[in-house]
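**Q** Input: one structure, supplied below.
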Amino acid sequence: MSSLRHSLIPLLAAAGALAADWPQWRGPNRDGISSETGLLEKWPDTGPPLAWKTGGLGAGYSSVAVARGRVYTQGQRGDTQHLIALDSETGKKLWEIANGRGYRERRGDGPRSVPTVDEDIVFALAADGSLLAADARSGKKIWSVNILEAYEGETPHWGISESPLVDGEHLIVSPGGNGASVVALDKKTGRLVWKSQDDRAAYSSPVLAQVGNLRTILSFSERGALGLRADNGQLLWRYDKVANQTANIATPIFARDHAFYSSDYGTGCALLRLRAEGSGVKASEVYFSREMKNHYSSSVLIGEHLYGFSSSILTAMKFLTGEVAWRDRSVGKGSVTYAGRHLYVLGENGVVALVEASPAAYKEKSRFTISKSDRPTWAPPVISEAKLFLRDQDNLYCYSIKAGK
C-alpha cells in the first residue's frame with residue numbers, strides 16, 4: 001500500500017478500537033476504508049453466504065457501528081427512536097434504549113446518524129437532536145441532551161444526520177445555533193466545553209485533521225466548509241464556494257495537508273491546501289470542479305484516486321488534480337466502502353457490487369441484490385470482522401466475506 005494510503009488517517013479518530021472494528025461513521029478513521037484482508041475476491045451469483053438477518057429495528061437510514069463483538073444502530077418504532085445493540089455473531093438483540101421522539105419525513109422516518117463507540121461508551125444522535133451517551137455493554141444511560149433545544153438550533157429539512165465525533169475527552173456535534181454551529185461537549189458528562197460560529201447545520205459529519213502543530217476540526221455547514229481549532233473552537237478558515245443551498249451531506253476527506261469537500265445539486269467539489277501559518281491555518285483553493293458531485297454518499301481515497309458517486313455515476317478521479325480516470329453507471333446511484341483492494345458498492349435500489357479499486361478502468365467482479373423495502377438503500381455498507389453489513393430500514397443483513405468460507 002502506498003505511503004499516501006497511510007497518510008489518509010485523521011489523527012486518533014477512534015482511539016482504542018480493535019483492528020477489525022468499525023466503531024463509528026465511515027469506520028475507524030472516518031474515511032470509508034477497512035484495513036481487513038483475506039476477504040472473498042468474487043461472490044456467487046446469489047451473493048456471499050448470509051451469516052444472519054435480523055428484523056425489528058424499525059424505520060431509519062442509520063447504518064451500523066461494530067465494536068468488541070457488538071453491532072450498534074438506531075431505529076424508530078411508533079413515536080420513539082431507539083439506540084440498539086446486537087450480537088455481531090448471531091444478530092440477537094442484546095439491549096435497546098429510547099433516544100428521542102419519533103421523527104417523520106416524507107422521504108423516510110426515523111434516525112439517520114450512526115452511533116459512535118468510544119471505549120465503554122456509545123454515543124447516539126437522533127434525527128430530532130436527542131444526543132445520548134450510554135454504557136456500551138449494558139445500554140444504561142450515562143447522560144443525554146437535546147442539542148437543538150440546548151443550543152437553539154433548528155432541525156434541518158431532512159432531519160439531523162451527522163454522526164458524533166470523539167476527540168480525546170470531547171464529543172463534537174453540530175446544533176447549528178447562533179454562536180453554536182459546532183460545539184464540543186465533555187464526553188463523560190455532556191457539559192459544554194466550547195461553541196463556535198453561527199452557521200445552521202447541514203447533514204455532513206466532521207473529521208479531525210492535524211495541520212502543522214494545530215489539531216483541527218473539518219466541518220461542512222449549511223453555508224460552507226469550516227476549519228476550527230479542536231481545543232477551543234476558534235475559526236481558522238472558511239470556504240463557502242463548495243456549499244449548495246439545499247443539502248451539504250458528504251464527509252470531508254483529509255490527506256497530505258489537503259482537504260476535499262463535495263456536494264451535489266449542481267455544485268461540485270473543491271480541494272483545499274491547508275498550511276499552518278503563525279498561530280493559524282491558511283486554506284487555499286487547489287481546484288474547484290464539477291467532475292465529482294457527491295450527493296448523499298461520500299467518496300473514498302485509495303492511493304492517488306478518489307472513488308465516489310458524482311450524482312448517480314461512479315467516478316474515479318485523481319485526488320490532487322481533479323482529473324477523471326473513468327466513469328461508470330455501475331449499480332446506479334449509490335454509496336461506496338473499501339476493503340481488500342475492492343470497492344463495495346451499494347445502489348439505492350438494493351444492488352450490491354464488488355469492484356476493483358483501480359484507476360485503469362471499471363472492473364466489476366460480482367453483484368447481487370438484497371430484498372428491500374420501498375425506501376432507497378441509503379445506509380452505506382460496513383465491513384468488520386470479515387462480515388459485510390447492509391441495513392435496509394427494519395432489516396439488517398450480515399454476510400460472511402472471509403475467503404475460504
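**Q** So which residues in the stretch 382-396 are under 20 Å from residue 34 (Cβ atoms) and without any contact (Cβ under 8 Å) to a residue 60 or more places away in the chain, if there are any at all?
**A** 390 - this is the single residue of the stretch 382-396 that is under 20 Å from residue 34 (Cβ atoms) and without any contact (Cβ under 8 Å) to a residue 60 or more places away in the chain.
**Q** So, in the stretch 162-175, of the ones that are surrounded by fewer than 23 Cβ atoms within 10 Å (Cβ to Cβ) and part of a loop (DSSP other than H, G, I, E, B), which residue ends up farthest from the chain's Cα centre (by Cα)?
**A** The residue in question is 169.
**Q** Only one of 128, 118 is under 19 Å from the mean Cα position of the chain (by Cα), of a type in the set (Asp, Glu) and over 17 Å from residue 186 (Cβ atoms); which?
**A** Answer to the selection: 128.
**Q** Report, ordered by the first and then the second residue, all pairs with beta carbons closer than 6 Å, sequence separation of six or more or different chains, a first member in the stretch 227-240 that is within 13 Å of residue 282 (Cβ to Cβ), and a second member that is outside any strand (DSSP E or B).
**A** Going by the 6 Å Cβ cut-off, the qualifying pairs are 238/224; 239/224.
**Q** A further question follows. Considering only residues of the stretch 268-320 that are of a type in the set (A, V, I, L, M) and assigned to a loop (DSSP other than H, G, I, E, B), which is nearest to the chain's Cα centre (by Cα)?
**A** 292
**Q** Among the candidates 144, 113, 138, which residue alone is outside any strand (DSSP E or B), more than 22 Å from residue 395 (Cα to Cα) and in contact (Cβ under 8 Å) with a residue 12 or more places away in the chain?
**A** Only one candidate qualifies: 138.
**Q** Still on this structure: Restricting to the stretch 73-110, name every residue that is assigned to a strand (DSSP E or B) and small (Gly, Ala, Ser).
**A** Result: 75, 85, 98, 100.
**Q** If you take the residues of the stretch 39-72 that are of a type in the set (A, V, I, L, M) and assigned to a strand (DSSP E or B), which of them is surrounded by the most Cβ atoms within 10 Å (Cβ to Cβ)?
**A** Ranking the qualifying residues of the stretch 39-72, first place goes to 65.
**Q** Just wondering, is there one or more residues in the stretch 292-306 that are within 24 Å of residue 355 (Cβ to Cβ), among the aromatic types (Phe, Trp, Tyr) and buried (at least 24 other Cβ atoms within 10 Å of the Cβ)?
**A** no
**Q** Something else about it: From 243, 230, 255, which residue is touching a His at 6+ places or on another chain (Cβ under 8 Å) and closer than 22 Å to residue 165 by Cβ?
**A** 230
**Q** In this structure, does residue 340 turn out to be over 19 Å from the mean Cα position of the chain (by Cα) and either surrounded by 21 or more Cβ atoms within 10 Å (Cβ to Cβ) or of a type in the set (Gly, Ala, Ser) (or both)?
**A** yes
**Q** In the stretch 133-148, is there at least one residue being within 20 Å of residue 250 (Cα to Cα) and surrounded by 23 or more Cβ atoms within 10 Å (Cβ to Cβ)?
**A** For the stretch 133-148, residues within 20 Å of residue 250 (Cα to Cα) and surrounded by 23 or more Cβ atoms within 10 Å (Cβ to Cβ): absent.
**Q** Within the stretch 169-182, can one find any residue that is modelled with pLDDT of 95 or more, more than 30 Å from residue 265 (Cα to Cα) and either in contact with a Ser or Thr (Cβ under 8 Å, 6 or more places away or on another chain) or not charged (D, E, K, R) (or both)?
**A** Yes, that holds for at least one residue.
**Q** Given 67, 85, which one is more than 18 Å from residue 300 (Cβ to Cβ), aliphatic (A, V, I, L, M) and touching a Pro at 6+ places or on another chain (Cβ under 8 Å)?
**A** Within the list 67, 85, the selection yields 67.
**Q** Could you give me the residue pairs with C-beta distances under 6 Å whose first residue belongs to the stretch 262-277 and is more than 28 Å from residue 212 (Cα to Cα) and among the aromatic types (Phe, Trp, Tyr), whose second residue is modelled with pLDDT of 95 or more and crowded, with 20+ Cβ neighbours inside 10 Å wherever it lies, and which are 6+ apart or on separate chains?
**A** Here the result reads none, with nothing in the stretch 262-277 linked to a residue that is modelled with pLDDT of 95 or more and crowded, with 20+ Cβ neighbours inside 10 Å.
**Q** When you go through (1) without any contact (Cβ under 8 Å) to a residue 60 or more places away in the chain; (2) in contact with a Phe, Trp or Tyr (Cβ under 9 Å, 6 or more places away or on another chain); (3) within 22 Å of residue 283 (Cα to Cα); (4) of a type in the set (A, V, I, L, M, F, W, C) one by one for residue 207, which number turns out not to apply?
**A** Unmet condition: (1).
**Q** Further question on the same structure: Would the stretch 113-123 turn up any residue that is of a type in the set (Asp, Glu) and closer than 20 Å to residue 378 by Cα?
**A** Taking every residue of the stretch 113-123 in turn, none turns out to be of a type in the set (Asp, Glu) and closer than 20 Å to residue 378 by Cα.
**Q** Working only within the stretch 250-267, note down all residues that are out of contact with any Cys (no Cβ under 7 Å at 6 or more places or on another chain), small (Gly, Ala, Ser), surrounded by 24 or more Cβ atoms within 10 Å (Cβ to Cβ) and not in a loop (DSSP other than H, G, I, E, B).
**A** 259, 263
**Q** Going by the structure shown, is residue 384 surrounded by fewer than 17 Cβ atoms within 10 Å (Cβ to Cβ), in contact with a strand residue (DSSP E or B) (Cβ under 7 Å, 6 or more places away or on another chain) and under 29 Å from residue 162 (Cβ atoms)?
**A** Here the answer is no, as residue 384 does not meet what is asked.
**Q** Given the condition under 16 Å from the mean Cα position of the chain (by Cα), at pLDDT 95 or above and not in a strand (DSSP E or B), answer yes or no: does some residue in the stretch 351-360 qualify?
**A** No: zero hits.
**Q** Ok, one more. Please work out if residue 357 is touching a Leu at 6+ places or on another chain (Cβ under 7 Å) and within 26 Å of residue 304 (Cα to Cα).
**A** For residue 357, the condition - touching a Leu at 6+ places or on another chain (Cβ under 7 Å) and within 26 Å of residue 304 (Cα to Cα) - is met.
The values are calculated or read from the model by the stated rules, or taken from the named source; none is laboratory data. Predicted model, so just to flag it, every value in this text is computed and none were measured. We place every Cβ from the backbone using ideal geometry, glycine too, and count neighbours over all the protein chains shown.
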